[in-house]
Amino acid sequence: MIKQKPKIFAHGSYIGTTGYANHTKSFFRELSNIYDLKVKNFTVGKSWNGYKDEPHNNESYIDDLDKKLLCSQYLWEGDNLFSKDIYTKYSNNFKHDINLVLCETYHHVFYQDYQGPKIAYNVWETTRQPEEFFNQLNKFDQIWVASNWQRDCTIEQGTDPDKVKVIPEAVDSTIFFPNKEATLPEYDDGRFKFTMFGRWDYRKSTKEIIESFLEEFKEDEPVDLILSIDNHMAKDSFKTTEERLKHYNLVDSRLKIKHFPSREEYIKYLQKGHVFLSCARSEGWNLPLIEAMACGTPSIYSNCSGQLEFAKGKGLPVKINGTIPAIGGEYSIYSQSDLPGEFYQPDYNDLKKVMRDAYVNYKKHKKQALKESIKIREKFTWANIAEIAEIEIDNLITNLPPNKIEISFIDGPKVEVIGSNFKNYKVEFIDSRTDKLIHSSTISNNMWTKCNKSYYIPWTIKVDGKVVHKLDLKNKNVVISIDSKSIGDTLAWVPQILEFVKRHKCKITISTFFNKWFEGLKEYKDVTFIKPGTKFNAYAYYKIGWFKSKEGDWKNFDNHPTQVNTIPLIQAATDILGLPYIVKTPLINFTPLKRPIKGKYICIGPQSTAGLKEWPHQNWRKLAKLLHSKGYKIVSLSLNGFKGTNIINKSNLPWDELFNYLHHADLFIGLGSGLSWINWTLNKHTVMINNFVPYGYDIPNNLTKIENYKVCNGCWVNKDYVFDAGDWDWCPVYKGTEKQHICQKSLTVEQVFSKVDKLLK
């Protein structure tokens, strides 16, 4: 927030009983708790001093707070409406920093010459503003609208998106709330009551709603519709609701007309009514609807336009059958040519179904409406709305948004704000999938902040509550590094990187120690391979690997979203890259050569990178003897060499030769090591002697695993143990005892040979 609050000169229709006037009054009152605020009132025909003489109104509409806020007034009558200089007739001496104007369409002539920063708060009901008004509106420094729908429409018409801010309207929860004690004589007859408030208007679908009601409910059903829909401004010749009902042949005893109810009566009708009925062709906000919902009254509404800002997912929405040209019609306050843009066409057959459902299943809908009313009254308060407005006002006075925001996603998102020295900036890092705030910090001008979560998250970056960037990898340069020198890690993870590219359509650079295995294949034609440590320029960078915390355990949730020793190896990559866990076999740059050995042969891999993975050497030699007796030659592919009777030692082979031996072999028998992963990559069956991790944590398929769960095993996935790759003798339970590495030692030659023999048969 800024160090010193600006003075606000507010302009709008402040006095009266209309939805607009009540919105204005509530909003300005709440803002006055934050700012030094004065109001210039726009009044039709009468001054506020004479307002008490108006029918249905009295001086109570102007209390002490109103008198304190109201500082000047301008009037218009008849032809003077469009006078460009009429507002200057009523001068004031209030020195201010910002003009805040609650704009009603066609009142723009009063605001165009205001000096200093100007904010327009406008609520409109069609997809386009009248052109003359819109052009004037665009001259304001900020344009506030009540809904994201109107924001989209305003931007679509040609306004700079940065100027358009969503400042929702609200509801006074001290007045509009569920009230079992509310009483009205009309409700003593035991009949079911639909209520409809507004005006007789084409946009409101007034006639169509009444027709739908009368068509759906039979005369002998105990159902009424209470109407308060007078429209003295309509461009037809009728003055009363009764006249209009008669004209459209809609006279019915079940239609209960209430002319100009008092504020107190209106509230009781919303609280007492069984179902609130609204089905407009479009709404800028729909104050009666949110007020009814706040009262816990099941509410029917058309599933479109500005009202979805608060109603979406709540109440009883009516289907929409596309759009139609926006027109005034004979019973509108607008003429045929007054309204640009489009309306939405409600499905009135669906309206009938929804009304019937509301009637038949009233108890269910009432229960749900009471729950929804809590959310409405908690979120859409004038205090909350004033806080939203405060942010935008402060931003404007302090030259926000910032001049420049630098963002990168290298090892986690980083943000630098370049703007004003007048204030600090709150930076928020949000997961777009859940809208969950992951990290926030406050920084000054020209300072960096970062979030340490370096794995893939679809970031939304906010600065002082405004979305300034959303992570979008499409066509961006992305670097993914596999810094592990493990063969198995690389083979398990590279295919997941290709899935990442398919999903995000990004330009990818991969860093591995085994680039030659993949380069040259058509599947990798759009991939650049670099060596670890190579400098690069990228929009985003992700590292796949095993990550320990500063405390030395596996609980490093900055580099990885899950505990890595509790998931399969492949999932380490999918979790980091934000992909579903689906097994993918890598493609490698290998072309088979001629068979390296005549006759049948089996490859073995008797050596590994850790003592707990090893199987006793004497067991390997016994196994080789048994397999040799079955007519198989035995080829050892150990890197350091492995000698034994009937064993052909092929150590330190070039990769293409090693691949070729595995490719032509009748079977491979190995450990939890890179050779097993290579064999899996070649789509060959592996017999794995590996008891220290459960099945499923290593090679996912084409696998026969030799296990014995009757002895100590599973130390790798135990959350209490942390594997130490630098300790050859690591054994967290029995190190230094006769039972050290009992998991592997317990696997017998007979057990292995039995499985192998069955496979060979």
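The table below gives the values:
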| read-out | value |
| --- | --- |
| Matching option when the condition is more than 15 Å from Lys118 (Cα to Cα), surrounded by 15 or more Cβ atoms within 10 Å (Cβ to Cβ) and under 22 Å from the mean Cα position of the chain (by Cα), among Ala170, Ala146 | Ala146 |
| Residues within region 660-686 that are among the aromatic types (Phe, Trp, Tyr), surrounded by fewer than 24 Cβ atoms within 10 Å (Cβ to Cβ) and touching a helix residue (DSSP H, G or I) at 6+ places or on another chain (Cβ under 7 Å), tallied | 1 |
| Region 516-526, residues that are surrounded by fewer than 17 Cβ atoms within 10 Å (Cβ to Cβ) and either of a type in the set (Lys, Arg) or part of a helix (DSSP H, G or I) (or both) | Lys516, Lys522, Glu523, Lys525 |
| In region 390-421, residue modelled with the lowest pLDDT [restricted to those that are farther than 22 Å from Phe140 by Cβ and surrounded by fewer than 14 Cβ atoms within 10 Å (Cβ to Cβ)] | Asn421 |
| Residues located in region 638-681, provided they are outside any strand (DSSP E or B), within 18 Å of Thr704 (Cβ to Cβ) and not charged (D, E, K, R) | Leu662, Ala665, Leu671, Gly672, Ser673, Leu675, Ser676, Trp677, Ile678, Asn679, Trp680, Thr681 |
| Cβ pairs under 9 Å, 6+ apart, first in region 584-595 and closer than 13 Å to Leu498 by Cβ, second surrounded by fewer than 16 Cβ atoms within 10 Å (Cβ to Cβ) and of a type outside the set (Gly, Ala, Ser) | Thr585/Asn683; Thr585/Asn701; Leu587/Leu521; Leu587/Glu523; Ile588/Leu521 |
| Selection within region 107-142 - in a loop (DSSP other than H, G, I, E, B), of a type in the set (S, T, N, Q) and either modelled with pLDDT of 80 or more or crowded, with 22+ Cβ neighbours inside 10 Å (or both) | Thr126, Thr127, Gln129, Asn138 |
| Residue check for Lys314: part of a helix (DSSP H, G or I), more than 25 Å from Asp188 (Cα to Cα), touching a helix residue (DSSP H, G or I) at 6+ places or on another chain (Cβ under 6 Å) and basic (Lys, Arg) | no |
| Wholly within region 441-504, strands (runs of 3 or more DSSP E) carrying at least 3 residues that are surrounded by fewer than 21 Cβ atoms within 10 Å (Cβ to Cβ) and in contact (Cβ under 8 Å) with a residue 40 or more places away in the chain | 466-470 |
| Selection within region 665-718 - out of contact with any strand residue (DSSP E or B) (no Cβ under 8 Å at 6 or more places or on another chain) and under 23 Å from Trp517 (Cα atoms) | Ser673, Gly674, Trp677, Ile678, Thr681, Leu682, Asn683, Pro700, Asn701 |
| Residues being free of Cβ contacts under 8 Å to residues at least 60 places away in the same chain and farther than 30 Å from Tyr721 by Cα - total across region 525-553 | 11 |
| The lone exception for Arg281 - which of (1) of a type in the set (D, E, K, R); (2) surrounded by fewer than 22 Cβ atoms within 10 Å (Cβ to Cβ); (3) in contact with a strand residue (DSSP E or B) (Cβ under 6 Å, 6 or more places away or on another chain) it fails | (2) |
| Hey, Ser608 modelled with pLDDT under 95 and not assigned by TED's automatic domain parsing to the domain that holds Gln740 or not | no |
| Subset of region 633-648 (residues that are surrounded by 14 or more Cβ atoms within 10 Å (Cβ to Cβ), closer than 14 Å to His617 by Cβ and either under 56 Å from the mean Cα position of the chain (by Cα) or at pLDDT 90 or above (or both)) | Ile634, Ser636, Ser638, Ile647 |
| Val722 of a type in the set (Val, Ile, Thr), modelled with pLDDT under 90 and in a loop (DSSP other than H, G, I, E, B) | yes |
| Ile229 being within 26 Å of Glu264 (Cβ to Cβ) and touching a strand residue (DSSP E or B) at 6+ places or on another chain (Cβ under 9 Å) | yes |
| Members of region 366-389 that are of a type in the set (S, T, N, Q) and either modelled with pLDDT under 95 or touching a Ser or Thr at 6+ places or on another chain (Cβ under 9 Å) (or both) | Ser373, Thr381 |
| Residue in region 177-196 that is part of a helix (DSSP H, G or I), in the same structural domain as Tyr348 (by TED's automatic domain parsing) and crowded, with 21+ Cβ neighbours inside 10 Å present | no |
| Subset tally (residues that are of a type in the set (D, E, K, R) and either surrounded by 18 or more Cβ atoms within 10 Å (Cβ to Cβ) or assigned by TED's automatic domain parsing to the domain that holds Tyr455 (or both)) for region 527-553 | 1 |
| Residue satisfying condition, being assigned to a helix (DSSP H, G or I), at pLDDT 95 or above, in the same structural domain as Val360 (by TED's automatic domain parsing) and more than 41 Å from the chain's Cα centre (by Cα), within set Glu221, Glu211, Glu215, Glu243 | Glu215 |
| Residue within region 687-702 that is crowded, with 17+ Cβ neighbours inside 10 Å, without any contact (Cβ under 8 Å) to a residue 40 or more places away in the chain, closer than 19 Å to Asn619 by Cα and in contact with a Gly (Cβ under 7 Å, 6 or more places away or on another chain) present | yes |
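Each row is one residue, and each column tells you yes or no for (1) farther than 24 Å from Pro178 by Cα; (2) modelled with pLDDT of 95 or more; (3) part of a loop (DSSP other than H, G, I, E, B).
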site	(1), (2), (3)
Asn231	yes, no, yes
Ala234	yes, no, yes
Ser237	yes, no, yes
Pro261	no, no, yes
Glu264	no, no, no
Arg281	yes, yes, yes
Glu291	no, yes, no
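The values are calculated or read from the model by the stated rules, or taken from the named source; none is laboratory data. What you are looking at is a predicted structure, and each value in this text was computed from that prediction instead of being measured. Neighbour counts run over all protein chains shown; Cβ positions are idealised from the backbone, glycine included.
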